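The values are calculated or read from the model by the stated rules, or taken from the named source; none is laboratory data. This is a predicted model, so every value here is computed, not measured. Ideal geometry is used to build each Cβ from the backbone, glycine not excepted, and the neighbour counts take in all protein chains shown.
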Amino acid sequence: MIGEAWPFLVARGRRRGYSALLVPGFLGEHGFLEETAVPLDDVSFRTAATPFGSLTWAEHAVTRADAGGEPRDEHGRPLVLLHGLLCPRGEPADAGAALAWTDAIALAVYRRFLDGEEEFRAEASAPFEVGLARVATLRSRTAPRSPAVISAPPRGKPRRGLVWAGAGAVVAGAVAAVIALLSAGSGPEPAPPCSRDVVTLSPLPSPVATCVLDGKVVGYSPQKVPVSPTPRK
Amino acid sequence: MTTLLPLLVSVLVALAIGLALRRRKRKHTKENLTGPPGGIPAFRIVTLGLQGSGKTLLLTGIYRRLQTPADRGFYLRVPHEQLIELNRWYRKAADVNEEWPRGTTRGELREFEFSVMTQVGADAEPVVKLGYLEYPGELLTDPDAPGSTAQATLLEAIAGADALVGIIDGFRLLQAHNGDQRGQLMLEASLDAMINAMLPVRSPIVFVITKWDLLDHLHPDENERLRMVRERLMDTPGFADLVKVHSTRRIVRLIPVTAVGHDFAEYRDGAVRKNPGGRFRPSNVEAALSVVVPDILRQTEMSLDHATRAELLAAAQRRVRMGPGEALRTLGTYVTGKAARILMSAVGAGVIAESGLSLLLDTLGPRGYDPAEHGARLARLGEADRRAEEFVQARRRVVGELQRQVAVLEAKLPDSRLGGDRWGDW
């Protein structure tokens with residue numbers, strides 16, 4: 001099955017810290033990209049399930065040729081690109097080929113970023129077609145290393161009783177989900193929700209992609225303008 | 001609707017099982033008092049430093065220096081997966097043929113859990129726990145991405161920290177010293193971030209100058225070098241005010257550290273680079289951690305009014321005469337009493353935890369260790385109380401050793417005291 005994949009890039013500059021530099025055009029909130037795409041140490045790429053689809057990413061160590069100069073930041077640390085693709089409807093069948101494609105796109109964006117780090121605003125990516133290996137079952141192929149510990153750790157010892165209760169609730173939820181799936185049957189995966197501020201409804205007869213807006217499935221095409229510009233000092 | 005019913009039933013059953021197990025566990029705990037009286041005191045430390053300022057290498061250096069007891073009588077342990085991470089950073093940093101570790105990303109925000117281990121009777125046991133938040137420095141200065149929770153997590157951690165460590169990047173100090181305007185601006189930006197976060201808090205603060213080795217050439221005498229840097233920092237109006245405000249309540253320290261050693265790296269061709277023949281020998285890094293626990297206890301003690309302090313002191317004296325089990329029970333009167341309320345309003349939520357109060361009372365007791373008296377005292381106690389008493393003594397030893405390390409630092413670098421001289425010595 002053929003599906004859509006949206007390139008993304010998270011990277012640090014010679015002066016600026018890590019941020020998303022290329023963002024899937026349909027996304028309104030892209031904070032999860034920076035929190036999910038962590039550096040890889042022992043594997044060539046990784047896939048993780050996110051609320052917006054499967055996220056597959058790889059690392060690219062920036063060379064002098066890539067950067068057109070010093071491939072380190074001002075503290076002497078190596079520059080690294082975390083690039084990849086977001087597939088709303090499944091996982092890419094050939095992740096290597098898809099990542100080779102996003103690598104080239106990411107590098108072009110990164111060069112523009114290095115030309116003016118302080119003024120650079122995240123760019124919106126357009127989708128490309130990929131073959132999907134697995135549809136609508138988004139599971140982490142390799143568990144993300146230390147997923148972000150988002151909430152502050154509790155001060156006291158964990159309450160075992162509540163932990164058991166939580167575990168029970170998880171099991172119960174899983175059982176209920178299975179029952180729900182069996183009773184509902186298998187249908188096509190629903191389109192992702194639209195985000196009004198970054199999505200342009202397409203007047204074209206064959207829109208690029210679909211999403212859910214006010215309960216209806218609509219077609220749209222990605223904007224070619226920066227996504228959620230964030231002022232920087 | 002039919003799919004919701006089994007879910008509801010399952011959740012209710014799970015809750016009932018959980019509560020039953022919890023009640024059983026609580027009953028079981030009451031019957032045994034063989035662990036540390038009052039539990040293991042846990043303190044959370046948050047460093048405040050911009051990207052590239054050396055937070056990760058400081059964390060690595062602290063662990064490398066304190067992972068064995070040496071002559072200190074205590075050492076640090078971390079959970080295995082965190083140990084793997086720390087060792088990976090160490091290998092990257094210490095190998096002159098490798099690049100520096102790449103910066104921390106938002107997805108890598110997490111707390112490292114150090115257990116301070118020491119001998120309790122025949123076993124090595126944790127007596128204090130220290131949480132150390134690792135995060136990307138840009139969270140302090142850059143707007144968070146839409147939908148990200150990392151910045152909120154950091155701000156929450158800062159507000160709830162038991163101690164804040166301000167990281168002053170030696171590289172920025174070097175740039176400022178060389179007249180580099182960007183270096184000066186970035187130094188000011190880092191100080192601004194600290195001022196904003198530290199001014200309203202009541203918890204202890206300490207300043208650490210990282211990459212101290214890059215400033216070696218300023219003066220051959222280390223204390224003189226520190227004095228020069230201190231003067232530059234105190235010339236920054238906001239920073240001087242911050243120190244002044246906190247000095248009314250505590251000693252404020254400025255600790256120079258190098259996480260790599262004095263000949264391992266140098267500033268060359270616009271970046272900090274490793275020297276091919278450099279030796280990886282961190283220096284002073286453990287001081288950044290050693291000052292924290294004594295400062296928290298000191299801060300707690302000094303924040304009390306005279307009457308409350310006298311009340312707690314009397315409780316500490318009584319604790320020496322009674323068994324730890326009884327001492328723990330009487331502690332409850334303070335947790336619910338006036339002294340605890342004053343403590344809470346004085347120092348916030350951190351130290352008032354029963355374990356922290358226990359540690360404070362331990363250290364308020366008589367100083368010094370008399371083996372004969374200790375032996376006689378142990379002989380009077382039952383088995384459970386004897387074990388608890390061993391914990392009390394172990395905690396006291398660790399705090400005493402931490403205080404000794406602070407004293408050594410002050411003797412070596414008198415200018416490491418930025419302010420708060422009237423609080424005297426530990």
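Just one of B:Pro136, B:Pro146, B:Pro220 is more than 20 Å from the chain's Cα centre (by Cα) and at the interface with chain A (Cβ under 10 Å from one of its Cβ atoms); which is it?
Result of the check over B:Pro136, B:Pro146, B:Pro220: B:Pro146.
Yes/no per residue for (1) in contact (Cβ under 8 Å) with a residue 24 or more places away in the chain; (2) crowded, with 17+ Cβ neighbours inside 10 Å; (3) polar (S, T, N, Q):
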position: B:Arg64; (1), (2), (3): yes, yes, no
position: B:Ile84; (1), (2), (3): no, no, no
position: B:Tyr90; (1), (2), (3): yes, yes, no
position: B:Asn97; (1), (2), (3): no, no, yes
position: B:Ser115; (1), (2), (3): yes, yes, yes
position: B:Asp144; (1), (2), (3): no, yes, no
position: B:Ala163; (1), (2), (3): yes, yes, no
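How many residues does the stretch B:98-133 hold that are at the interface with chain A (Cβ under 7 Å from one of its Cβ atoms) and under 18 Å from B:Val293 (Cα atoms)?
The qualifying residues number 2.
Please determine, by comparing only the residues of the stretch B:249-297 that are more than 14 Å from chain A (Cβ to nearest Cβ), small (Gly, Ala, Ser) and part of a loop (DSSP other than H, G, I, E, B), which one is farthest from B:Val128 (Cα to Cα).
Top of the filtered list is B:Gly277.
Going through the stretch A:12-26 one residue at a time, which ones are surrounded by fewer than 24 Cβ atoms within 10 Å (Cβ to Cβ) and more than 10 Å from chain B (Cβ to nearest Cβ)?
A:Gly13, the sole residue that qualifies.
Do the conditions hold for B:Arg249, that is, is it out of contact with any helix residue (DSSP H, G or I) (no Cβ under 6 Å at 6 or more places or on another chain), basic (Lys, Arg) and farther than 20 Å from B:Leu409 by Cβ?
Yes; evaluated as a whole, the condition is true for this residue.
If you scan the stretch A:45-71, which residues turn out to be surrounded by fewer than 17 Cβ atoms within 10 Å (Cβ to Cβ), modelled with pLDDT of 95 or more and assigned to a loop (DSSP other than H, G, I, E, B)?
A:Thr63
Go through A:Glu29, A:Glu74 for me and flag whichever is in a loop (DSSP other than H, G, I, E, B), facing chain B (nearest Cβ under 10 Å), touching a Pro at 6+ places or on another chain (Cβ under 6 Å) and surrounded by fewer than 24 Cβ atoms within 10 Å (Cβ to Cβ).
Result of the check over A:Glu29, A:Glu74: A:Glu29.
Filtering the stretch B:196-212 down to residues that are within 23 Å of B:Leu57 (Cα to Cα) and assigned to a helix (DSSP H, G or I), which residue is farthest from the other protein chains (Cβ to nearest Cβ)?
Here the answer is B:Met198.
Tell me, please, whether a residue that is modelled with pLDDT of 90 or more, more than 21 Å from B:Phe43 (Cα to Cα), facing chain A (nearest Cβ under 8 Å) and over 19 Å from the mean Cα position of the chain (by Cα) can be found in the stretch B:88-97.
Checking the stretch B:88-97: at least one residue is modelled with pLDDT of 90 or more, more than 21 Å from B:Phe43 (Cα to Cα), facing chain A (nearest Cβ under 8 Å) and over 19 Å from the mean Cα position of the chain (by Cα).
Just a yes or no: is a residue in the stretch B:123-134 outside any strand (DSSP E or B), out of contact with any Pro (no Cβ under 8 Å at 6 or more places or on another chain) and more than 30 Å from A:Glu123 (Cα to Cα)?
Scanning the stretch B:123-134 turns up no residue that is outside any strand (DSSP E or B), out of contact with any Pro (no Cβ under 8 Å at 6 or more places or on another chain) and more than 30 Å from A:Glu123 (Cα to Cα).
Does A:Leu82 count as touching a residue at least 60 places away in the same chain (Cβ under 8 Å), within 11 Å of another protein chain (Cβ to nearest Cβ), buried (at least 21 other Cβ atoms within 10 Å of the Cβ) and in contact with a Leu (Cβ under 9 Å, 6 or more places away or on another chain)?
yes
How many of the residues in the stretch B:61-81 are touching a helix residue (DSSP H, G or I) at 6+ places or on another chain (Cβ under 9 Å) and within 14 Å of chain A (Cβ to nearest Cβ)?
Going through the stretch B:61-81 one residue at a time, the tally reaches 1.
What pairs come out if I take residues in the stretch B:259-276 that are among the aromatic types (Phe, Trp, Tyr) and pair them with residues that are surrounded by fewer than 18 Cβ atoms within 10 Å (Cβ to Cβ) and in a loop (DSSP other than H, G, I, E, B) whose C-beta lies under 7 Å away, six or more apart or interchain?
Pairs found: B:Phe264/B:Asn275; B:Phe264/B:Arg279.
What number of residues in the stretch A:77-102 are in contact with a helix residue (DSSP H, G or I) (Cβ under 9 Å, 6 or more places away or on another chain) and either farther than 20 Å from A:Glu35 by Cα or not hydrophobic (A, V, I, L, M, F, W, C) (or both)?
So the answer is 3.
When you go through (1) more than 10 Å from chain B (Cβ to nearest Cβ); (2) assigned to a strand (DSSP E or B); (3) crowded, with 19+ Cβ neighbours inside 10 Å one by one for A:Ala98, which number turns out not to apply?
Here A:Ala98 meets the rest and fails (2).
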